[in-house]
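**Q** The structure under discussion is supplied below as structure tokens; questions concerning it will follow.
The values are calculated or read from the model by the stated rules, or taken from the named source; none is laboratory data. Source: prediction; values computed, not measured. Cβ placement follows ideal geometry from the backbone for every residue including glycine, while neighbour counts extend to all protein chains displayed. Heads up: the accessible areas ignore ligands, DNA and RNA and are worked out on the full protein's heavy atoms, side chains in. Shrake-Rupley method; radii C 1.70, N 1.55, O 1.52, S 1.80 Å.
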Amino acid sequence: TDCSYQLFQVVNYKKFFFQENRFGVIFTQLPLLIGVYLHLPMKMLLYLYSISFPLEYIIILWINVSVFKCREAALATVLSLLVGVAATFFHSITETHQVLAISSLLYGFFYSRGREINNLKQYSMLFGILLWALLTHPIAIFTVLFVIGFSFLQRKIELKRAILSAGFCLLILVVKIILTPKGSYDGKLYDHLY
């Protein structure tokens, strides 16, 4: 129902709609918003919005395989969409699955860059991926910290990079906790995080 609600908001108000300030969903709403401004029929808007989710996963897969040369990260993306489907109500169109895919992109980045993260472009990519994940769903704090710790244990990144990445995540988490209203859905999730 979240996606239906977001679709309704974007189509009717002709602007992005970030429920619970989950700005990371911008990439799945962008094709829909473009379609709205092109005055496409509703059926076409539904198709555009529906295809934006698998398209996001395909792009993440492509980056992991072609750019980062990390087939394990690509496999993790696919498995995050398949494993446990029968035991959950989540579907590939939810922010939680998007966070899992973005977290696999983070691992692909660490795999390809590893100890070589040394210039502004590479740090921008790292912080961009972390920010994208953390602004998509509150649960991202667990997945990205897991990837950072796992990458460190596999010696894909140095201790300094792991601490810097984890520190950035915690900083974003604190800012989000401060800015999130107490009674909101995400506010309740952050309360449980304590």
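**Q** Given a 1.4 Å probe and every protein chain left where it sits, what share in percent of the accessible area of segment 1-97 is carbon and sulfur?
**A** After summing per-atom areas, the C and S share lands at 72 percent.
**Q** Still on this structure, I have one more. Working only with C-alpha atoms, what are the Rg and Dmax values of segment 123-194, expressed in angstrom?
**A** 12.9, 41
**Q** Span-like helices, the chain: DSSP H, alpha-carbon axial extent 15 Å or more, mean Kyte-Doolittle 1.6 or greater, which ones?
**A** Those that pass (Cα extent of 15 Å or more, hydropathy at least 1.6) are 26-37, 140-153, 159-179.
**Q** Mind checking which lysines have their C-alpha under 22 Å from LYS43, skipping anything on the same chain fewer than 8 residues away?
**A** LYS14, LYS15
**Q** Helix-derived [θ] at 222 nm for the chain: sum -39500 (n - 2.57) over DSSP H runs of at least 4, divide by residue count, nearest 500?
**A** -23000 deg cm²/dmol
**Q** Once you charge only the Cβ atoms, +1 for Lys and Arg and -1 for Asp and Glu, what is the size of the charge dipole of the chain about its Cα centre, to the nearest 20 debye?
**A** Value, rounded to 20: 440 debye.
**Q** Exactly which trypsin sites (Lys or Arg not before Pro) in segment 153-182 are in a DSSP loop and have at most 11 other Cβ atoms within 10 Å?
**A** Of the trypsin sites (Lys or Arg not before Pro), the ones in loops of segment 153-182 whose Cβ has at most 11 other Cβ atoms within 10 Å are ARG155, LYS182.
**Q** Something else: Quick one: which of 24-30, 57-63, 41-47 comes out on top by average Cβ neighbours within 10 Å, and what's the full order, highest first?
**A** 24-30, 57-63, 41-47
**Q** What lysines sit close enough to LYS69 to cross-link, taking a C-alpha to C-alpha distance under 28 Å and skipping anything fewer than 8 places away on the same chain?
**A** LYS121, LYS156, LYS160
**Q** Also, quick follow-up: Using a Gaussian network model of the chain whose springs link C-alpha atoms within less than 10 Å, name the residue from LEU153, LEU120, LEU81 with the highest mean-square fluctuation.
**A** LEU120
**Q** What's the Cα-based Rg to Rh of segment 12-124, Rh via Kirkwood?
**A** For segment 12-124, the value is 1.03.
**Q** If I take all pairs of Cα atoms in segment 1-74, what percentage of them are more than 20 Å from each other?
**A** Of the Cα pairs, 36 percent sit more than 20 Å apart.
**Q** Around LEU189, with a cut-off of 13 angstrom between Cβ atoms, what is the net charge of the other residues, counting Lys and Arg +1 and Asp and Glu -1?
**A** Net charge in that neighbourhood comes out at 0.
**Q** Now, a different point. Net charge within 12 Å of GLU20 by Cβ-Cβ distance, Lys/Arg positive one each and Asp/Glu negative one each, not counting GLU20 itself?
**A** With Lys, Arg at +1 and Asp, Glu at -1, the neighbours total 0.
**Q** Sort the following peptides by mean Cβ neighbour count (other Cβ atoms within 10 Å, averaged over residues), highest first: 13-19, 32-38.
**A** The densest-packed peptide leads the list: 32-38, 13-19.
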